[in-house]
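Written out below as structure tokens is the structure these notes cover.
The values are calculated or read from the model by the stated rules, or taken from the named source; none is laboratory data. In this text the structure is predicted, and so the values were computed from the model without any measurement. Note: ideal-geometry Cβ built from the backbone for every residue, glycine included; neighbour counts use all protein chains shown. These accessible areas exclude ligands, DNA and RNA; they are computed on the full protein's heavy atoms, side chains included. Shrake-Rupley method; radii C 1.70, N 1.55, O 1.52, S 1.80 Å.
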Amino acid sequence: MKNNGFIIIPILCMFCSVKAVEYIPVTTKNVCLLLKVNEKNRLEQTYFGASMKNIEEMTSIDTETFSSYSTFGTNHVFEAALRAIQSDGNTSVELGYRTSSVKQIDENIIQTTIELKDEYYDLFVTIHYKAYQQEDLLEQWVEIKNGQKKNIRLADFASSDLSFNASEYYVSHFHGDWSNEMNISEQKLTEGIKIVDSKLGVRSHQFTHPSFILSLNAPLAETHGEAIGGTLAWPGNFRFCFEVDNYNKLRILSGANPYASEYTLEKNEVFKTPSFLFAYSTEGAGKITRNFHRWARKYGIKNGNKGRSVLLNNWEATYFDFDEAKLTKIIDDAAKMGFELFLLDDGWFGNKYPRDNDKSGLGDWQTNTKKLPDGIPYLIQECKKRNLKFGIWVEPEMVNPKSELYENHPDWVISQPQRERTLLRNQLILDLSNPKVQEFVFNTVDRLLRENPGIDYVKWDCNRYVFNSGSPWLPAEKQTHLFFDYSKHLLEIMEKISKKYPDVTFMACSGGGGRIDYGSMQYFDEYWISDNNDPLQRIITQWGSQYFFPTIGLASHVSASPNHISGRSMSLKCRFDIAMAAKLGMDLQPSQMTEKEYEFSKNAIRTYKEIRNTILTGDLYRILSPYKSNRTVYMYVNDKRDEAVIFNFMVRKEVYPKPPTIKLQGLHPEKRYKLNEINKDPDNWSRFTKYEDKVFSGEYLMTAGLNFAMYNEMESLVFKLSEVKLSEVK
């Protein structure tokens with residue numbers, strides 16, 4: 001029988017007449033997470049996988065179950081989702097089921113709420129699930145409330161506790177460092193624990209990223225096999241714990257990192273964990289990616305279905321050395337080449353301590369009157385004269401010791417008493433646990449936008465992580481709150497700014513990919529995945545980031561050659577091709593180009609504007625991986641399946657090439673498509689000549705495929721498919 005959307009199964013008991021076992025399904029269109037309240041009133045996970053029409057059938061016999069939110073204490077010998085110290089010192093927690101409810105938020109979102117309580121103490125745990133029906137995505141978070149008269153302490157506080165029973169487990173996760181972000185590593189999990197985490201506090205994604213893909217029974221494949229993808233919506237420290245037990249069963253705990261972060265809950269205080277987002281697929285990693293991208297454009301990223309501007313940045317052209325004349329010339333060049341936005345980067349502020357390098361001025365957010373005597377409004381007007389939008393750089397969470405802000409408020413920075421204050425990039429981090437600092441950071445961005453109407457774009461940077469993790473503001477007994485509170489208050493500030501300025505575009509930049517997560521991205525339109533625009537590195541970095549994060553937010557720029565970070569020289573065509581595979585921008589300046597380069601760039605920008613909707617909002621299909629092939633190939637297909645753009649890059653030179661057959665994906669088999677290369681190199685013969693202007697069915701392109709040679713390292717080739725009506729086919 002059913003009760004409020006749940007399933008009640010009577011179970012005979014030798015001590016009582018009837019004991020009700022309750023099943024709680026959390027389902028999307030194609031995925032089901034089935035939870036069970038057992039005879040002992042414990043909440044268990046009994047199934048996670050493909051959805052079935054008749055859920056009741058899944059309850060007809062006893063199946064293996066796992067704890068759905070494990071606790072430390074009486075009989076749990078493995079890692080636990082929740083570990084708390086009660087007000088009387090008892091270190092155990094035993095959660096019993098209280099009640100559940102289901103709420104239809106809208107036609108696409110169903111929220112399930114499950115309330116649990118310690119069987120002796122007034123410690124309350126509420127588990128929340130949102131099921132996104134069309135995107136087949138689940139979101140989970142937990143709220144822990146102290147109902148006791150005295151404080152309790154939380155030692156572990158996971159957002160999610162998922163279990164699996166398969167023959168083999170393979171986990172893919174993402175790692176790197178500055179200018180080398182989002183590399184993918186896959187390992188087979190064996191008995192014991194694998195931890196993927198961050199302890200950096202701020203820009204916590206620099207070394208590892210809060211995302212993973214688990215493959216069951218075989219290594220991860222792109223188009224087939226069972227896979228689970230998960231990512232934590234949190235800009236702070238995170239932790240994924242993969243534990244294979246003595247029976248070869250796997251438990252995954254996901255959430256904010258409890259490392260050095262024991263949290264004290266006062267009476268009636270509620271601790272809310274970050275959201276964990278996860279998806280299940282029987283069609284490999286590709287399906288997970290497309291589900292996440294579709295979800296993100298609707299829910300995960302600000303203005304996810306709004307257009308994006310092609311921008312020109314002054315950074316690599318001027319660094320800190322500019323004045324009004326230089327910037328006006330760049331703005332004029334940007335307009336003539338076809339850009340839509342000019343971005344003024346670091347160096348525009350500070351007077352007593354002018355920002356002429358990265359050693360001074362950070363925190364003093366007044367316009368430098370020597371560089372810009374007419375202020376920001378002058379630059380905004382120069383852009384408006386040329387029909388350009390105007391953007392500006394800020395780093396509001398940071399301060400240089402050589403600044404008026406630090407002189408006035410040395411107690412505002414994260415630091416340990418009696419310890420040396422350690423600089424990174426010549427700067428310190430403001431302590432966001434302090435309400436006055438929170439107000440300052442908000443006012444920095446608010447005042448800039450309020451006093452300079454016409455700013456359309458803000459690049460929000462963050463260029464270091466935490467050392468000396470102490471707070472001059474927090475009391476001694478709450479010093480371990482710093483890591484969690486910093487991120488919590490940062491998100492509050494971001495939300496406040498986003499709501500006040502909904503039409504301003506915000507880019508999340510943290511010296512590259514230090515802050516790409518769905519906790520932050522709901523307040524940002526774009527994300528900067530790396531300071532390294534070298535095309536060879538960008539192939540790897542963009543490939544990794546796109547597993548979970550949508551192309552519409554992925555900013556990618558054409559830079560100078562030789563590249564300022566790698567020193568590698570690349571053709572202008574290759575630099576444009578990789579940047580056009582995302583949200584196009586440019587640091588290379590028009591004034592630095594030859595006449596031929598100028599015309600190529602102008603044409604490429606014009607072409608990008610024609611196809612960017614397909615690239616930014618189309619479904620992504622990965623065809624050849626740079627990790628497994630000398631060539632990498634991927635493509636975007638729009639919703640109507642009447643246009644597609646395919647990118648080909650040679651990542652390693654082949655002396656005797658054996659061209660692979662490129663079988664396209666995602667097309668309509670009965671539609672016919674005309675093939676045309678874009679961004680052709682006018683000085684070289686095209687490898688694509690035999691296919692140029694030819695028409696093929698989607699079925700042919702996906703079954704027989706295309707075959708053409710590419711030889712040289714970082715040779716690139718991009719072509720477009722356009723639907724041709726039968727009446728137009730010769």
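In the context of the full protein assembly, residue 641 retains an accessible surface of approximately 90 Å², using a probe radius of 1.4 Å and ignoring ligands and nucleic acids. Counting only protein heavy atoms and a 1.4 Å probe, the range 635-700 has 54 square angstrom of accessible area per residue. Tell me whether the range 528-640 comes out rounded, prolate or oblate; compute the Cα gyration tensor, take square roots of the eigenvalues as a ≥ b ≥ c, and use a/c under 1.5 as the rounded threshold. Because a/c hits 1.5 or more and a/b fails to exceed b/c, the range 528-640 counts as oblate. Per-residue accessible area (protein heavy atoms, 1.4 Å probe) orders 348, 365 as 365, 348, starting from the largest. Solvent-accessible area per residue in the range 375-420 equals 48 Å², computed with a 1.4 angstrom probe and all protein chains kept. Does the range 278-427 come out rounded, prolate or oblate, given a ≥ b ≥ c as the square roots of the eigenvalues of its C-alpha gyration tensor, rounded meaning a/c under 1.5 and, failing that, prolate meaning a/b above b/c? It comes out oblate by the Cα gyration axes.
Look at where the Cα atoms of the range 410-432 and of the range 209-288 average out, and the two centres are 32 Å apart. The value obtained for the chain, namely the Cα convex hull volume divided by the number of residues, is 175 Å³ per residue. At what distance in angstrom do the alpha carbon centres of the range 653-730 and the range 128-198 lie from each other? Distance between centres, Cα-based: 41 Å. The calculated FRET efficiency for the pair residue 683 and residue 728, based on their C-beta separation and a Förster distance of 41 Å, comes to about 0.80. Counting Lys and Arg as +1 and Asp and Glu as -1 over every other residue whose Cβ lies under 14 Å from the Cβ of residue 631, the net charge comes to +3.
A Cβ-based charge dipole, computed about the Cα centre of the chain with Lys and Arg at +1 and Asp and Glu at -1, lands at about 1180 debye.
Close amide H partners of residue 159, meaning residues 5 or more places away or on another chain with modelled amide H under 5 Å apart, are 254, 255, 256.
Of the complete DSSP H runs in the chain, those spanning 24 angstrom or more by Cα along the long axis with a mean Kyte-Doolittle score not below -0.5 are 482-500. If you sort 264, 661 by accessible surface, 1.4 Å probe, largest first, the order is 661, 264.
Using Cβ point charges alone (K and R +1, D and E -1), the dipole size of the range 613-686 about the Cα centre works out to roughly 340 debye. For the pair the range 371-393 / the range 598-642, the C-alpha centres are spaced 32 Å from each other.
Counting Lys and Arg as +1 and Asp and Glu as -1, what is the net charge of the other residues whose Cβ lies under 13 Å from the Cβ of residue 524? My count for the surroundings of residue 524 gives +1.
Dipole size of the range 233-290 about its Cα centre, with +1 on Lys/Arg Cβ and -1 on Asp/Glu Cβ: approximately 240 debye, rounded to the nearest 20.
What's the local net charge at residue 390, with K and R +1, D and E -1, over the other residues with C-beta under 13 Å away? With Lys, Arg at +1 and Asp, Glu at -1, the neighbours total +1.
Computed per residue of the chain from DSSP H runs no shorter than four, each worth -39500 (n - 2.57), the mean residue ellipticity at 222 nm is -5500 deg cm²/dmol.
Of all DSSP bridge pairs formed entirely within the range 61-152, close to 95 percent run antiparallel. Amide hydrogen proximity for residue 169: with H placed 1.01 Å from N in the peptide plane, the residues at 5 or more positions away or on another chain lying under 5 Å are 189, 217.
Overall, the anisotropy analysis places the range 405-540 in the oblate class: the square-rooted eigenvalues a ≥ b ≥ c of its C-alpha gyration tensor yield a/c not less than 1.5, with a/b not exceeding b/c.
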